[in-house]
Structures are given as C-alpha cells and as structure tokens.
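Worksheet: the structure to be examined is printed underneath.
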Amino acid sequence: MVDWDAIVAIAGAAVVLVAVVFALPLIYDYRFANGRVEVVLFGKIPVYWIDGRDIESIEVGDWNDLGLFTVHAGNRLRRSGIVVIRRKTAVLYQVAITPRHPRAFVAQVQRWKRQS
C-alpha cells in the first residue's frame, strides 16, 4: 500500500530545497567595491568582505582546487567556474565564491590590484 502522506512530504521537501538553492543568489551575492570583495545581502548590505590588499591571488578554479581549510561561500551550484581567493593573512586563507560571471569578476579584481 502506498503511503501518500510520506510521498507528499518528500515531494514538498524537495520543492522547498530546490527553491532555496535557486533563491540563494537573490539573498546574497558578491561584488567588488571600495577596494574589497564583498558578500552582500539583497545586493546592498555588506556582511563579509576581504580587503583587496589582503588578496594574494584570485583565480577561476573548481572544487578540486580547494584545500581542507577553505571558507565556502558559494551561492550557486556549479562544479567548475568558482572563484578561489587566497589571502595573505588569515588562518582560513582560502575563500571560494561563485559570482555570476567568474572570469569577469576575477579580471576586475586583478585590474584593481595592478593599478593600486
């Protein structure tokens, strides 16, 4: 006999999970402004940032490039095309983010670093 309550509960949980995953970029995203990489809520409120002077390197990579002590701040599901930031001064010196256009984001930060 089919337990319809369980099927409905599982389907509902799956729908909620998919909705949350696709809503994450609307809730928080990334920008490079004021000489720092910022994680922003609703595109406006900075809640975490990395000063541009503290960035040792920034590159487009994939999850296999990350070490054990990495801050994972991704908001999009992707296997590759993540931005890996290595900081000069931090215990957790690597940060992985997933901006919408990873190569353009990296180019913007690298351009700023060359000019500063």
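The values are calculated or read from the model by the stated rules, or taken from the named source; none is laboratory data. Computed from a prediction, not measured in an experiment: that's the story for all the values here. Neighbour counts are summed over all protein chains in view; Cβ atoms, including those assigned to glycine, are modelled from backbone coordinates with ideal geometry.
Quick notes on this structure:
- Selection within region 17-50 - within 29 Å of Gln115 (Cβ to Cβ), of a type outside the set (D, E, K, R) and not in a strand (DSSP E or B): Pro25, Asn34, Gly35, Gly43
- Residue in region 68-81 that is surrounded by 13 or more Cβ atoms within 10 Å (Cβ to Cβ) and either modelled with pLDDT of 90 or more or of a type in the set (S, T, N, Q) (or both) present: yes
- Per-region count, region 42-75, residues in contact with a helix residue (DSSP H, G or I) (Cβ under 8 Å, 6 or more places away or on another chain) and under 20 Å from Val109 (Cα atoms): 6
- Residue list for region 82-103, restricted to those being crowded, with 16+ Cβ neighbours inside 10 Å and of a type in the set (A, V, I, L, M): Ile82, Val83, Val84, Ile85, Val95, Ala96, Ile97
- Selection from region 82-105 of residues that are more than 15 Å from Trp49 (Cα to Cα) and assigned to a helix (DSSP H, G or I): Pro102, Arg103, Ala104
- Applying a threshold of 7 Å to beta carbon distances and a minimum spacing of six or more residues, or different chains, the list of pairs starting in region 61-85 at a residue that is at positive phi and ending at one that is surrounded by 12 or more Cβ atoms within 10 Å (Cβ to Cβ) and in a helix (DSSP H, G or I) reads Gly81/Pro102.
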